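The values are calculated or read from the model by the stated rules, or taken from the named source; none is laboratory data. Given the structure is predicted, the values throughout are model-derived calculations rather than measurements. Glycine also receives a Cβ, built like all others from the backbone with ideal geometry; neighbour counts cover every protein chain displayed. Calculation scope for accessible area: heavy atoms of the full protein, side chains included, ligands and nucleic acids excluded. Shrake-Rupley method; radii C 1.70, N 1.55, O 1.52, S 1.80 Å.
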Amino acid sequence: MIDPISFLLTILLAVALSHLVRPRAPAVRLFWSCAPGAVLLLAAHPLALVFALLCLAFAAAVYAFGRRSGWPRLRARLPYAILLPLFAPDLFGVFAAAPILWLGSAFFLVRQMMTVAAALKNRRAPQDVAPALLLATFFLPAIPSGPVFSGLDLWDRFAERRPPDYGEGLHRL
């Protein structure tokens with residue numbers, strides 16, 4: 001388990017490193033928002049990262065299927081299928097030895113579901129949904145305890161070309 005001080009230092013290190021190269025480019029901001037989260041999952045338990053990647057692929061497949069569906073009612077309900085891995089311990093007995101991995105995944109699964117639901121509702125293009133799903137899964141500050149948000153909202157903010165507000169960020173830390 002990662003202690004709070006190590007988590008805070010990881011955030012500060014990621015922010016510092018991210019400002020060494022073009023911090024305002026959306027792709028760079030995406031990398032520095034997701035890569036530390038993936039590393040944190042790997043450090044906590046390698047299986048957590050594998051599970052997150054599998055859930056990410058499943059969410060992308062749900063989005064792709066929903067995008068091709070001609071039935072609006074199916075498209076509206078389909079994102080809830082992303083929550084099925086929450087029942088994995090009950091259905092398949094997986095994660096019985098490591099329940100923290102399963103419990104911690106609830107946050108990114110709900111964020112993935114919200115992202116896909118918003119993308120299908122607003123008919124967002126795949127080039128917006130892919131980075132939004134990465135943010136929903138690996139956004140470092142939200143990994144340990146939330147909040148729950150749509151990755152599309154965060155991706156749209158990343159696309160804005162605004163200077164960083166360090167005062168607000170330090171206040172939150």
Selected residue (only one of Trp32, Trp102 is open to solvent by 40 Å² or more (accessible area, probe 1.4 Å), of a type outside the set (A, V, I, L, M), at pLDDT below 75 and part of a helix (DSSP H, G or I)): Trp102
Check the stretch 58-81 and report whether any residue there is open to solvent by 30 Å² or more (accessible area, probe 1.4 Å), under 19 Å from Pro126 (Cβ atoms) and under 14 Å from the mean Cα position of the chain (by Cα). yes
Could you list, in sequence order, all residues of the stretch 36-57 that are of a type in the set (Gly, Ala, Ser) and more than 19 Å from Gln127 (Cα to Cα)? Gly37, Ala38, Ala43, Ala44, Ala48, Ala52
